[in-house]
Structure formats: C-alpha cells, structure tokens
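What follows is a short report on a single structure.
The values are calculated or read from the model by the stated rules, or taken from the named source; none is laboratory data. Everything numeric in this text was worked out from a predicted model, so none of it was measured. Don't worry about glycine lacking a Cβ; one is built from the backbone with ideal geometry, like all the others, and counts go over all protein chains shown.
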Amino acid sequence: MTERSEIAHEQAQIDTLYARLDDLRAETRESLSTVRRSKVGGHHQNRSERDAFATMYEDTLIRYQSAEEGLCFGRIDAADGETIYIGRIGLSAPDRSQLLMDWRAPASEPFYRATAAEPSGLVRRRHVATRARTVTGVEDDVLDLEGLDEDERSRLQGEGALMASLDARRTGRMGDIVATIQSEQDRIIRRDLAGTLVVQGGPGTGKTAVALHRAAYLLYRHRERIAKSGVLLIGPSPVFLRYIERVLPSLGETGAVLLTPGQLMPGVDTALRDAPDTAAVKGDLRMADVVRRMVRSYQRVPTEEQRLGVGPYAVTLRPADVRTARERARRTDDSHNDARTVFVQVLLRSLAEELARAQGLDTPGERLPEFLEDLRASRDVRIAVNLCWLPLTPAGVLDALLSKRHRLAAASRGVLSAAEIDVLHRPKGAPLTVEDVPLLDEIAELIGTDGVPADRGQDPEVEYAEAVVDMTETGTWVSPQQLAQRYRETAAAGEVSDRAAHDREWTFGHLVADEAQELSPMQLRLLFRRVPSKSATLVGDLAQASATDAGRTWHSVLDPHVGDRFGLEELTVSYRTPRSIMGPANALLAARFPALTLPEAVREGDEAPTRRHYGSVQSLVEDMPASIREEAAAVDGGRVAVIVPEGLMELVEHAIAAESAQERSSDVLEDVGFGPTAIDHRIAVLTPYDAKGLEFDSVIVAEPTLIAPVQADPTGDRSTDAGIGALYVALTRSTSRLTILAANPSVLDEHFTETGPEADVTAG
Ligand SMILES: Nc1ncnc2c1ncn2[C@@H]1O[C@H](COP(=O)(O)OP(=O)(O)OP(=O)(O)O)[C@@H](O)[C@H]1O
C-alpha cells in the first residue's frame, strides 16, 4: 500500500476511536448531571454515595478530556496477526471488545520496548501522527529480523516521530512524551513500585519526563494502593513546578501533590535560600542532633529549691522532684509537648503533698482534686512548671536556636565547629528559608505538634484545580472551585493535597523527587519521613549540583537513608541539547567528574554557539535588549531564556525596562517575565538556580564568571570549582541556540570559540 492509502486506513480507525470517545463523554456528562440534579436533600449516607459517584464521573470526564489531543498515537502488529492500537487511555466498544489500549497497560509495553534485535513478538510498530482528529502521517519500524539487516537504527525507536517532537518550538510548558518514550526510558517508567530508585542522567536525557510518566504509570497500575495516599512530587523551585504542572493532568492523572522543598512543612511557604555555607551546615545530618539537644534543653531541672505561692500558702519546688517528674515523662518516649502532660501530672502530685502538709495534713487524700486545682490556679506554679518544661512551637524553637548565640553554642557543643556556629547565627525573627524547613520539621517531630499557623498565600487546591481544568478544558462542566472543594472533601487526590498542606504526619504512597542532587541530607531525611515505605523515584544529575563536590555519589547521598537498598539507572542520551552545545559543555565537566557518564546528544544542531566579548559589564548589560531582540527574531515565536547571575539581575531588569519604555511599536521586550511566572512570557529572565530543569529554544548566558568564577588554584584542587554545576545547567537549557555574553575571562573561554570581531563592537 502507498503511504496515502495507509493514512486513509488509519484515519478510518482513528475516526472510530474518536466517535467512541464522544459517546463515552456524552454518557459521562449525562450521568454527572443526573447525580448533580439529585444532590439536594437525602440523608448522610445517600449524600456521600452521590458524592462518590460525582467524583468518579468527574475523574472519568477529566480523563476523557485529557485524551482528546493525540488520543491514539501508534499500533503494534504481532507475529500472530493481532493488531493493537495504543493511546493515551484505554477504550472499549459497547460489546467490551478492546478498541484502544492504555499506554500503561502491560499489553502496550512492546510498543516501547521492541527493537529489531529483540522484537518482543512484533513484526511492526507504527507511529501514527495526528493533528486534532486528522491523521497526518504514519511511520513504521520493521521489527521482523528477517526483513532487516543488523541495524543500529533500532536504538532509537520511531526516529521520525521523535525528531519531529524534539524539533518543535517550545511553549514554555513541558508536554508529555507518551507517543515517543524510548526503550531505556520505558524500562525505568515501568519499574516496580517498591523500594527506592535513582535515575542519574545528564541534561535533557528525559529524567523529568521519565519521573512524571512513572508517576502516571504507578497511579494507573497501583491505583488501589497509592491513589488514596497519593504521590508526592518535589521540584526545585516554584517556576519549575509551573513548568511541569500540566504533564500529569495531560495524562489524565490528578493524584499528585507538587511541592518545592520550601513548602514541605505545613503552614510554611518560602523560596528564600540561605547562602551556600549556611545551607551546607543546615543541611547536614548533625543538625538533627543539634535540634534534639535544643528541644531537651527546654526540659530543665532548677539548681535550687524555690518557694511558690499557692493562695495563702507556700510550697517548695525541689530539684529532686522535678528530676523525678522529668525522668517519668521522658520514659514515656512521647514527644516533648505530649510528654509534658505526664511531667505536669507527676510534678503537681508532689506539690500537692507539699500543699497538704502546709495545711497541716499528712496527705492530700480525698482533697487531691481540690489541691491540684489550687496549684493550677497559682501563677507562681504555672511559671515554675513552664520554666522546667515549656510547651513549644517549631518556629519558636528554631528562632531561639538560631538567634540566641549561647543556646546555639550549648546545643551544638561537640557537634559543630565555632565557624559553623557563626554561619548559623542570625537575628531574631529573621524570615524562614528553604533550608529551615527540614529543621522545623525535625523539631515538630520531636515536640509532637504542627504548631505553625497556616500561612499559605494562595489556596493550593484551587491553584491545582485551575491547572487541571485549564489543561483538560473541562471548565464547562467542572469549575476549579468545585474540583478544589471536592479535593478538600473527598478521599481522592484533593484530600491528599489538602492533607499535605495541613497535616505534617500525612504519609504518601510514592515520592518522586526531581533535581534530587540538590536535596540536602536533612531534606532527604524529611522526605523519607513522608514516605516511610521508602517507595521513591529520585531523578537528578550529580554534575548539575549547585554545591560542586566531585566525590559525591548516589551511594554517599542515600546511605544514611536507605543504606545500599536502592536501584540505580542511568540515562545517557540527551534529547534536548544538540551536539554543538553539548560537546563543549561536556568538555567543561569531563575533567571535573571523571566518574560520570556525560550524555550523548541525539541531535546535531544547526547553530554553533556564540560567545561575545564586551569591554565592560556595563556595555554587556546595555547591549542586552539588542541581544534579546536578535534571539527572539531568530527563534521566530519560540522561547528565549536570559540566564543572569544573581548579582547582575537588578541591572538587567533595569536595562530591559528602560529600553522597553522607549520603544513605541509592539516589541518583544514587552513580553519579558521574571521570577516564578517568567516562563509565561516569550522572554524569561532567570537566575541559574531558577533555570534548573527548564528548556528554551534560545538561551543567553550573561557574564559566566559571575556564575562560576575562574579559580587561580595552583594546587589544582578541583573541590574549589564553585558554580561549575550551575554554569553547566545554564549552558544546557537550550534546544537549539546558545549565546554567551562575557565582559571578563571565564572558564568557558577554552571551550567555546569567541565569535568574530564584528561581535566585538562595544568592546572598549
Ligand atoms: N522519548 C522522548 N520523546 C520526546 N521527547 C523527549 C523524550 N525524552 C525526552 N524528551 C524531551 O527532551 C527534553 C528534556 O527532557 P527532560 O526535561 O525530562 O530532561 P532532564 O533529564 O530532566 O533534563 P535536566 O537534567 O536538564 O533537567 C524535554 O523536552 C522532553 O520532552
């Protein structure tokens, strides 16, 4: 058959599938309206049954809606003549025969795994490309060995479909890759739920894509086990979470909670980051000891006896009695605030004996309750008891620890050095940082209370629900408010996000952590507390770590948390960054990380990277608007990132604002974004940290030496390679164009050729 007749054949199939999808959607909408109409009145059980049905229909509708674009993207033909169509969801005909197989079903596995060398019982795999509901092309991989030579082409499956998707202009948001998952990725996506899995891979190897598809896979295959407890998804920054937030809804999945490490403690939402030396100390596991000692320091035995007034009488508080009460309380093994009840009970009992004696009695006897009440009413007693065992809040303890030097020194004695104590010390009431969150959580664990008032700016349920509704275009039938309300009320995804926001003790069914190389030991300790089963997927790249440490391995990172009980997979092909950029970027890294496999780019790239020299930082910044316009024009509607060292951010913002104020006609500089919503704009100006995990058609990196300083290090000690990871991140964000603007020499000089003198116009 010719390609045209093949397309016509597949069009007929696709038409049948969409017709079935339309029928099912109409049926579900009808059922949902019926349930909603009958929603008034009835007793509690009826109402909750109706709510359960409404929930089910809403979820089903969201799934159907999310499947509209690219409903079916392939088919496999088995050697025994059976043909299976593969799609975003499963569909069956009214007679229950299978029309379309969900990509996550076991029967779909060969679509992703089969190669000419190992055809998995297939003779052919076909990729079907569609636009809206129209078939635009078919591409076949012939898998029958008889029909093929030994051929390396089998390593990349569906090469045409893959390349088309990789070459497409970026939209600012990550999309799913169901149609073109590669076999090394599929193997990871379908790994068992149990245990911890680490996926190491260079920039653009699909770690984020794999992590998200794995979450969707696990929610599908183990819905019973993990949908109720949910999947916790951690990403490095708010802008990153915004970048990926549509992928799971586009796969029809809503049962995941997306948080940054600054949001892991209920009631706290911070993106402030400590300086690297402070962050390193706060992230060290020794801090668990320090905060434990700090909490215990609130359980004090006075050095002397004290006289306490109780109405007209006086009683003596004796150190020995306090010690006995403290021991009894500590023996309960309860947390500080819970054990305090026992402490107070035991201590008040002994004070009641005193009070009885003060009133001429041998023992309190039947008047005990009355004596206890008198003791509780005494201000002296209340103060004395609190001084011995104060009820605590996590924020209060942390603030005292970090702002009171003597307490910090006492809690850290023999654990931290004087220099480490110095970098921790800060003024009272300083705002909370991301690195404080695991400390707060550790304290909360020890004192047994959430204690922190809720302080989330926006309602996370409504925000998430909006993304789901927007993504799946279900707005006509389900409003974000309805969905968010349901999230709050039902045992579905929403309860999970609600609990995550309000209940520190909620435990998740699975953890997915992206950019896991950024997680400190204390952050990992917190995360594994949220997932006691240790069922986790951690994806990251040691070479992209902000804190460069060439000696760090995944074993050293995970040893304190799971020992050596974790699986390690490696991804080696960069789908994002072309060879023209990946080559020199890898060269920068190769000497520093000899143990790491640096990724091979799958695409050649048409554009050589550019490095421009300026006479001064000022001329570089002044020329920035022109550089941006040039790149925006070159990618014609695509996305541009300007990656700027933190120290230059203000200057750059100013230069762009000044230029765009002058410009009258419509100009790309009017569509420049900063901060967490930067990616909603054609031009995103980002710090190297915020650029983590993102990708753009064109990337401009400003003054690299402010990201990774050139070290004059005669000893050749590579451990001083600060910022190399961050610079590697910046360089590898591009899918096609890279421009480096530099006024000063940088570590890139030896790897990226300077562009000719015509670029040097502003040099002075
Ligand atoms: N099998 C695939 N089919 C189509 N596109 C893919 C595939 N695998 C990866 N990609 C694309 O490659 C790009 C890089 O993927 P991703 O962001 O997941 O990489 P990463 O390893 O997380 O990168 P980084 O470490 O830089 O954050 C994305 O645009 C992704 O959609």
Query - Hits in segment 561-587 - residues which are under 16 Å from residue 542 (Cβ atoms), surrounded by fewer than 24 Cβ atoms within 10 Å (Cβ to Cβ) and not charged (D, E, K, R) - result: 566, 568, 572
Report summary line: For residue 599, the lone unmet condition from (1) within 16 Å of the ligand (Cβ to nearest atom); (2) touching an Asp or Glu at 6+ places or on another chain (Cβ under 8 Å) is (2)
Report task. Test residue 262 against the stated conditions and say whether it is in contact with a Phe, Trp or Tyr (Cβ under 8 Å, 6 or more places away or on another chain), closer than 28 Å to residue 442 by Cβ and at pLDDT 85 or above. Result -> no
Requested in this report: Sort through 281, 315, 291, 257 and tell me the only one that's buried (at least 21 other Cβ atoms within 10 Å of the Cβ), part of a strand (DSSP E or B) and more than 19 Å from the chain's Cα centre (by Cα).
Outcome: 315
Report task. Could you please give the count of residues in segment 534-547 that are more than 16 Å from the ligand (Cβ to nearest atom) and assigned to a loop (DSSP other than H, G, I, E, B)? Result -> 3
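Here's the yes/no breakdown for (1) loosely packed, with under 15 Cβ neighbours inside 10 Å; (2) over 16 Å from residue 213 (Cα atoms); (3) without any contact (Cβ under 8 Å) to a residue 40 or more places away in the chain:
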residue	(1), (2), (3)
55	no, yes, no
67	no, no, no
83	yes, yes, yes
89	no, no, no
95	yes, yes, yes
103	no, no, no
Report task. List every residue pair whose Cβ atoms sit under 6 Å apart, with the two residues 6 or more apart in sequence or on different chains, where the first one lies in segment 619-632 and is small (Gly, Ala, Ser) and the second, anywhere, is buried (at least 17 other Cβ atoms within 10 Å of the Cβ). Result -> 619/762; 627/700; 632/640; 632/668
Report task. Kindly indicate whether any position in segment 154-167 is more than 18 Å from the chain's Cα centre (by Cα), within 30 Å of residue 639 (Cβ to Cβ) and modelled with pLDDT of 85 or more. Result -> no
**Report entry** Among the residues listed as 180, 254, the single one being in contact with a His (Cβ under 9 Å, 6 or more places away or on another chain) and of a type in the set (S, T, N, Q)
**Finding:** 180
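Which residue out of 318, 300 is within 30 Å of residue 355 (Cβ to Cβ) and free of Cβ contacts under 8 Å to residues at least 60 places away in the same chain? Working first, answer last.
Numbers: 300 fails: free of Cβ contacts under 8 Å to residues at least 60 places away in the same chain.
Of 318, 300, the one residue that is within 30 Å of residue 355 (Cβ to Cβ) and free of Cβ contacts under 8 Å to residues at least 60 places away in the same chain is 318.
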Query raised in the report: farther than 21 Å from residue 528 by Cβ and either acidic (Asp, Glu) or out of contact with any helix residue (DSSP H, G or I) (no Cβ under 7 Å at 6 or more places or on another chain) (or both): does that describe residue 225?
Result: no
Requested in this report: Kindly establish whether residue 179 is buried (at least 19 other Cβ atoms within 10 Å of the Cβ), more than 30 Å from residue 553 (Cα to Cα) and among the small types (Gly, Ala, Ser).
Outcome: yes
Requested in this report: Give the residue that is nearest to the ligand (Cβ to nearest atom), with candidates limited to residues of segment 548-578 that are assigned to a loop (DSSP other than H, G, I, E, B) and of a type in the set (Val, Ile, Thr).
Outcome: 577
Requested in this report: Taking only segment 652-669 into account, find how many residues are under 30 Å from the mean Cα position of the chain (by Cα) and surrounded by fewer than 19 Cβ atoms within 10 Å (Cβ to Cβ).
Outcome: 1
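Return yes when residue 245 is at pLDDT below 90, under 25 Å from residue 688 (Cα atoms) and buried (at least 21 other Cβ atoms within 10 Å of the Cβ) and no when it is not. So that I can check it myself, show each step before the final result.
Details: at pLDDT below 90: yes; under 25 Å from residue 688 (Cα atoms): yes; buried (at least 21 other Cβ atoms within 10 Å of the Cβ): yes.
Yes.
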Requested in this report: Name the residue, out of 235, 230, 262, 201, that is surrounded by 24 or more Cβ atoms within 10 Å (Cβ to Cβ) and closer than 22 Å to residue 679 by Cα.
Outcome: 235
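Step by step: first the residues of segment 685-723, then only those that are among the β-branched types (Val, Ile, Thr) and surrounded by 24 or more Cβ atoms within 10 Å (Cβ to Cβ), then the one that is modelled with the lowest pLDDT. Which residue is that? First the steps, then the outcome.
Within segment 685-723, the subset among the β-branched types (Val, Ile, Thr) is 685, 687, 699-701, 705, 707, 710, 715, 720.
So of that shortlist, the ones also surrounded by 24 or more Cβ atoms within 10 Å (Cβ to Cβ) come out as 685, 699-701, 707.
Numbers: 685: 97, 699: 97, 700: 97, 701: 97, 707: 94.
Per the stated criteria, the residue is 707.
Looking at 604, 569, which is the one that is touching a residue at least 24 places away in the same chain (Cβ under 8 Å) and assigned by the TED database to the domain that holds residue 190? If you could, list the steps in order and put the result at the bottom.
Working: 604 fails: assigned by the TED database to the domain that holds residue 190.
Exactly one of 604, 569 is touching a residue at least 24 places away in the same chain (Cβ under 8 Å) and assigned by the TED database to the domain that holds residue 190, namely 569.
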Query raised in the report: Residues 357, 349, 307, 340: which one is of a type in the set (Lys, Arg), surrounded by 14 or more Cβ atoms within 10 Å (Cβ to Cβ) and more than 53 Å from the chain's Cα centre (by Cα)?
Result: 357
